[in-house]
Amino acid sequence: MKFIADTHTHTLASGHAYSTVIENAQAAAEAGLLYMCVTDHASKMPGAPHHWHFVNQRVLPDTLSGVRLLRGVEANILNVDGELDMPIYVYGELEWVNASLHEAVFRATDLKSHTQAIINAIKTERVDAIAHSGNPSYPIDAEAVVREAANSGVAIELNNSSLNGSRKGSEPNCLIIAALAKEYGAWVTTGSDAHFANNVGELSSVAEMIKTVGLSKDQIITSDVTLFEEYIAKRQSIRRKRVLENMNR
(Lines give C-alpha, C1' and ligand atoms only; values in the text may rest on other atoms or scores of the structure.)
Protein backbone atom coordinates (compact mmCIF):
# COMPACT_ATOMS: atom_id res chain seq x y z
CA MET A 1 0.00 0.00 0.00
CA LYS A 2 1.30 3.44 -0.93
CA PHE A 3 0.79 6.24 1.58
CA ILE A 4 0.29 9.86 0.62
CA ALA A 5 0.84 11.37 4.07
CA ASP A 6 2.91 11.16 7.21
CA THR A 7 0.76 12.48 10.06
CA HIS A 8 3.41 12.51 12.79
CA THR A 9 6.71 14.38 12.40
CA HIS A 10 8.93 16.47 14.68
CA THR A 11 11.32 19.36 14.10
CA LEU A 12 13.96 21.14 16.15
CA ALA A 13 11.13 22.92 17.94
CA SER A 14 10.29 19.75 19.89
CA GLY A 15 13.57 20.12 21.77
CA HIS A 16 14.71 16.54 21.23
CA ALA A 17 14.42 16.32 17.44
CA TYR A 18 17.12 17.37 15.02
CA SER A 19 15.79 18.65 11.67
CA THR A 20 14.01 21.73 10.35
CA VAL A 21 10.62 21.95 8.67
CA ILE A 22 12.44 22.56 5.38
CA GLU A 23 14.59 19.44 5.79
CA ASN A 24 11.58 17.35 6.76
CA ALA A 25 9.59 18.57 3.76
CA GLN A 26 12.46 17.71 1.43
CA ALA A 27 12.60 14.23 2.93
CA ALA A 28 8.82 13.88 2.56
CA ALA A 29 9.08 14.79 -1.12
CA GLU A 30 11.88 12.27 -1.64
CA ALA A 31 9.68 9.64 0.01
CA GLY A 32 6.90 10.41 -2.49
CA LEU A 33 4.52 11.95 0.03
CA LEU A 34 1.98 14.59 -0.89
CA TYR A 35 1.22 15.72 2.69
CA MET A 36 3.20 16.07 5.90
CA CYS A 37 1.81 17.01 9.29
CA VAL A 38 4.12 19.17 11.39
CA THR A 39 3.36 17.87 14.86
CA ASP A 40 5.87 19.13 17.37
CA HIS A 41 5.34 18.38 21.03
CA ALA A 42 3.01 20.73 22.87
CA SER A 43 4.11 22.92 25.71
CA LYS A 44 4.12 20.58 28.73
CA MET A 45 6.75 18.30 27.19
CA PRO A 46 10.21 19.24 28.49
CA GLY A 47 12.01 21.28 25.84
CA ALA A 48 8.85 21.98 23.84
CA PRO A 49 7.89 25.50 22.74
CA HIS A 50 5.38 27.91 24.22
CA HIS A 51 1.91 27.64 22.72
CA TRP A 52 2.55 30.83 20.72
CA HIS A 53 4.81 28.70 18.53
CA PHE A 54 1.75 26.76 17.38
CA VAL A 55 -0.37 29.87 16.88
CA ASN A 56 2.38 31.32 14.69
CA GLN A 57 2.47 28.34 12.36
CA ARG A 58 0.30 30.53 10.17
CA VAL A 59 3.59 31.89 8.77
CA LEU A 60 4.49 28.50 7.30
CA PRO A 61 3.87 28.19 3.57
CA ASP A 62 1.15 25.80 2.49
CA THR A 63 3.67 23.81 0.48
CA LEU A 64 7.39 23.13 0.67
CA SER A 65 9.24 20.99 -1.89
CA GLY A 66 5.85 20.28 -3.43
CA VAL A 67 4.54 18.77 -0.20
CA ARG A 68 1.44 20.19 1.46
CA LEU A 69 2.20 21.08 5.07
CA LEU A 70 -0.46 20.64 7.71
CA ARG A 71 0.05 22.88 10.72
CA GLY A 72 -0.34 20.68 13.75
CA VAL A 73 0.75 19.49 17.16
CA GLU A 74 1.28 16.39 19.24
CA ALA A 75 -0.73 17.36 22.29
CA ASN A 76 -0.08 15.81 25.68
CA ILE A 77 -2.96 14.21 27.51
CA LEU A 78 -2.58 15.65 31.00
CA ASN A 79 -4.90 13.63 33.20
CA VAL A 80 -7.75 11.14 33.43
CA ASP A 81 -10.17 13.89 32.38
CA GLY A 82 -8.49 13.94 28.96
CA GLU A 83 -7.35 17.57 29.20
CA LEU A 84 -4.82 18.71 26.62
CA ASP A 85 -1.93 21.06 27.28
CA MET A 86 -2.55 24.26 25.37
CA PRO A 87 -5.22 26.97 25.62
CA ILE A 88 -8.30 25.86 23.78
CA TYR A 89 -8.22 28.70 21.23
CA VAL A 90 -4.91 27.43 19.83
CA TYR A 91 -6.56 24.24 18.59
CA GLY A 92 -9.11 26.14 16.55
CA GLU A 93 -6.67 27.04 13.79
CA LEU A 94 -4.63 23.85 13.67
CA GLU A 95 -5.01 21.45 10.76
CA TRP A 96 -3.93 18.27 12.55
CA VAL A 97 -3.92 17.26 16.21
CA ASN A 98 -2.33 14.10 17.54
CA ALA A 99 -2.91 13.33 21.21
CA SER A 100 -0.84 10.94 23.28
CA LEU A 101 0.42 9.88 26.68
CA HIS A 102 4.05 10.69 27.52
CA GLU A 103 6.05 9.61 30.54
CA ALA A 104 7.40 13.13 31.10
CA VAL A 105 3.89 14.55 31.45
CA PHE A 106 1.44 11.85 32.53
CA ARG A 107 2.64 9.49 35.27
CA ALA A 108 1.79 5.90 34.35
CA THR A 109 -0.65 4.43 36.86
CA ASP A 110 -3.08 1.71 35.83
CA LEU A 111 -5.02 0.37 32.85
CA LYS A 112 -8.31 1.98 33.88
CA SER A 113 -6.78 5.45 34.25
CA HIS A 114 -4.86 5.28 30.96
CA THR A 115 -7.94 4.07 29.11
CA GLN A 116 -10.17 6.77 30.58
CA ALA A 117 -7.62 9.48 29.81
CA ILE A 118 -7.51 8.55 26.12
CA ILE A 119 -11.28 8.13 25.83
CA ASN A 120 -11.88 11.52 27.43
CA ALA A 121 -9.29 13.13 25.14
CA ILE A 122 -11.23 11.75 22.17
CA LYS A 123 -14.42 13.21 23.63
CA THR A 124 -12.92 16.72 23.68
CA GLU A 125 -13.45 16.72 19.87
CA ARG A 126 -10.14 18.55 19.41
CA VAL A 127 -8.25 15.42 18.37
CA ASP A 128 -7.68 13.96 14.90
CA ALA A 129 -5.67 10.91 15.96
CA ILE A 130 -4.53 9.02 19.03
CA ALA A 131 -0.79 8.51 18.68
CA HIS A 132 1.26 5.45 19.70
CA SER A 133 -1.54 3.91 21.75
CA GLY A 134 0.32 0.58 21.80
CA ASN A 135 2.97 1.94 24.19
CA PRO A 136 3.50 -0.82 26.79
CA SER A 137 4.28 1.81 29.42
CA TYR A 138 0.57 2.67 29.31
CA PRO A 139 -1.51 -0.52 29.21
CA ILE A 140 -5.04 0.20 28.05
CA ASP A 141 -8.34 -1.51 27.38
CA ALA A 142 -7.65 -1.51 23.65
CA GLU A 143 -11.18 -2.53 22.72
CA ALA A 144 -12.74 0.32 24.69
CA VAL A 145 -10.36 2.87 23.14
CA VAL A 146 -10.81 1.65 19.57
CA ARG A 147 -14.57 1.43 19.97
CA GLU A 148 -14.71 5.04 21.21
CA ALA A 149 -12.43 6.19 18.39
CA ALA A 150 -14.62 4.45 15.83
CA ASN A 151 -17.81 5.91 17.28
CA SER A 152 -16.28 9.40 17.38
CA GLY A 153 -14.64 9.30 13.96
CA VAL A 154 -11.14 9.76 15.39
CA ALA A 155 -8.23 7.92 13.79
CA ILE A 156 -6.00 5.40 15.50
CA GLU A 157 -2.36 5.95 14.55
CA LEU A 158 -0.07 3.10 13.60
CA ASN A 159 3.32 4.45 14.65
CA ASN A 160 6.33 3.28 12.67
CA SER A 161 8.81 4.34 15.35
CA SER A 162 7.02 2.23 17.98
CA LEU A 163 7.45 -0.81 15.75
CA ASN A 164 11.18 -0.18 15.46
CA GLY A 165 12.31 -0.02 19.06
CA SER A 166 11.44 3.45 20.33
CA ARG A 167 8.83 1.90 22.62
CA LYS A 168 10.03 -1.65 23.08
CA GLY A 169 7.24 -4.16 23.41
CA SER A 170 4.76 -2.14 21.34
CA GLU A 171 4.32 -4.57 18.45
CA PRO A 172 1.96 -7.11 20.13
CA ASN A 173 -0.20 -4.27 21.42
CA CYS A 174 -0.25 -2.55 18.03
CA LEU A 175 -1.31 -5.79 16.35
CA ILE A 176 -4.25 -6.07 18.72
CA ILE A 177 -5.19 -2.43 18.18
CA ALA A 178 -4.95 -2.76 14.39
CA ALA A 179 -7.12 -5.90 14.45
CA LEU A 180 -9.69 -4.11 16.60
CA ALA A 181 -9.66 -1.16 14.20
CA LYS A 182 -10.50 -3.58 11.43
CA GLU A 183 -13.29 -5.15 13.50
CA TYR A 184 -14.87 -1.85 14.54
CA GLY A 185 -14.27 -0.01 11.27
CA ALA A 186 -12.16 2.67 12.92
CA TRP A 187 -10.16 5.14 10.87
CA VAL A 188 -6.42 4.46 10.78
CA THR A 189 -3.60 6.88 10.07
CA THR A 190 0.12 6.37 9.50
CA GLY A 191 2.84 8.22 11.37
CA SER A 192 6.60 7.88 11.21
CA ASP A 193 7.07 9.82 14.48
CA ALA A 194 10.26 11.06 12.82
CA HIS A 195 12.65 12.98 15.04
CA PHE A 196 15.18 13.28 12.21
CA ALA A 197 14.50 14.06 8.56
CA ASN A 198 15.78 10.70 7.29
CA ASN A 199 12.83 8.98 8.95
CA VAL A 200 10.07 11.17 7.50
CA GLY A 201 7.86 8.98 5.34
CA GLU A 202 9.44 5.78 6.69
CA LEU A 203 6.30 3.71 7.12
CA SER A 204 7.45 0.26 6.05
CA SER A 205 6.74 -1.45 9.37
CA VAL A 206 3.28 0.11 9.47
CA ALA A 207 2.64 -1.10 5.93
CA GLU A 208 3.63 -4.63 6.91
CA MET A 209 1.29 -4.57 9.90
CA ILE A 210 -1.58 -3.30 7.77
CA LYS A 211 -0.95 -6.17 5.36
CA THR A 212 -0.73 -8.72 8.19
CA VAL A 213 -4.00 -7.60 9.76
CA GLY A 214 -5.76 -7.15 6.43
CA LEU A 215 -6.96 -3.62 7.06
CA SER A 216 -9.05 -2.21 4.23
CA LYS A 217 -7.60 0.63 2.20
CA ASP A 218 -10.90 2.42 2.76
CA GLN A 219 -10.06 2.66 6.48
CA ILE A 220 -6.57 4.07 5.95
CA ILE A 221 -7.06 7.81 5.61
CA THR A 222 -3.50 8.27 4.32
CA SER A 223 -4.04 5.93 1.38
CA ASP A 224 -6.02 8.34 -0.80
CA VAL A 225 -6.05 12.09 -1.45
CA THR A 226 -9.84 12.46 -1.41
CA LEU A 227 -10.22 10.37 1.72
CA PHE A 228 -7.51 12.31 3.52
CA GLU A 229 -8.80 15.75 2.55
CA GLU A 230 -12.38 14.85 3.45
CA TYR A 231 -11.22 13.58 6.82
CA ILE A 232 -9.23 16.75 7.52
CA ALA A 233 -12.13 19.00 6.52
CA LYS A 234 -14.60 17.12 8.71
CA ARG A 235 -12.35 17.05 11.76
CA GLN A 236 -11.44 20.75 11.41
CA SER A 237 -15.12 21.65 11.26
CA ILE A 238 -15.85 19.65 14.40
CA ARG A 239 -12.84 21.08 16.25
CA ARG A 240 -13.60 24.70 15.35
CA LYS A 241 -17.22 24.30 16.41
CA ARG A 242 -16.19 22.81 19.74
CA VAL A 243 -13.56 25.49 20.34
CA LEU A 244 -16.05 28.27 19.65
CA GLU A 245 -18.61 26.70 21.98
CA ASN A 246 -16.06 26.50 24.79
CA MET A 247 -14.83 30.05 24.26
CA ASN A 248 -18.36 31.47 24.29
CA ARG A 249 -19.34 29.86 27.59
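In table form, for the structure just shown:
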| read-out | value |
| --- | --- |
| Exclusive hit being open to solvent by 40 Å² or more (accessible area, probe 1.4 Å), of a type in the set (S, T, N, Q) and at pLDDT 95 or above, set ASN120, ASN159, ASN135, ASN173 | ASN173 |
| Residue tally, condition assigned to a helix (DSSP H, G or I) and either free of Cβ contacts under 8 Å to residues at least 60 places away in the same chain or surrounded by fewer than 16 Cβ atoms within 10 Å (Cβ to Cβ) (or both), over region 211-239 | 14 |
| Single condition THR109 does not satisfy, out of (1) touching a strand residue (DSSP E or B) at 6+ places or on another chain (Cβ under 8 Å); (2) part of a loop (DSSP other than H, G, I, E, B) | (1) |
| Exclusive hit being more than 17 Å from HIS195 (Cβ to Cβ), under 16 Å from the mean Cα position of the chain (by Cα) and not basic (Lys, Arg), set VAL73, VAL67, VAL80, VAL97 | VAL97 |
| Condition check for GLY201: open to solvent by 10 Å² or more (accessible area, probe 1.4 Å), of a type outside the set (Asp, Glu), touching a strand residue (DSSP E or B) at 6+ places or on another chain (Cβ under 6 Å) and touching a residue at least 12 places away in the same chain (Cβ under 8 Å) | yes |
| Region 86-112 residues that are under 17 Å from VAL154 (Cβ atoms) and without any contact (Cβ under 8 Å) to a residue 60 or more places away in the chain, paired with ones that are among the small types (Gly, Ala, Ser) and open to solvent by less than 20 Å² (accessible area, probe 1.4 Å) (beta carbon under 8 Å, 6 or more apart) | ALA99/ALA75; ALA99/ALA121; ALA99/ALA129; ALA99/ALA131; SER100/ALA75; SER100/ALA131; SER100/SER133; LEU101/ALA117 |
| Positions within region 55-87 being in a loop (DSSP other than H, G, I, E, B) and of a type in the set (D, E, K, R), in sequence order | ASP62, ASP81, GLU83, ASP85 |
| Top-ranked residue in region 176-198 [being assigned to a loop (DSSP other than H, G, I, E, B) and closer than 23 Å to ILE232 by Cβ; ranked as most open to solvent (accessible area, probe 1.4 Å)] | TRP187 |
| Tally, over region 64-105, of residues that are under 22 Å from THR222 (Cα atoms) and surrounded by 14 or more Cβ atoms within 10 Å (Cβ to Cβ) | 20 |
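For (1) in a helix (DSSP H, G or I); (2) open to solvent by 10 Å² or more (accessible area, probe 1.4 Å); (3) farther than 20 Å from VAL55 by Cα; (4) touching a Lys or Arg at 6+ places or on another chain (Cβ under 7 Å), each residue gets a yes or a no:
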position: MET1; (1), (2), (3), (4): no, yes, yes, yes
position: HIS8; (1), (2), (3), (4): no, no, no, no
position: SER19; (1), (2), (3), (4): no, no, yes, no
position: ILE22; (1), (2), (3), (4): yes, yes, no, no
position: ALA28; (1), (2), (3), (4): yes, no, yes, no
position: CYS37; (1), (2), (3), (4): no, no, no, no
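The values are calculated or read from the model by the stated rules, or taken from the named source; none is laboratory data. Worth saying up front: this structure is predicted, and the values here are computed from it rather than measured. Note: ideal-geometry Cβ built from the backbone for every residue, glycine included; neighbour counts use all protein chains shown. SASA here: full protein model, heavy atoms, side chains in, ligands and nucleic acids out. Shrake-Rupley method; radii C 1.70, N 1.55, O 1.52, S 1.80 Å.
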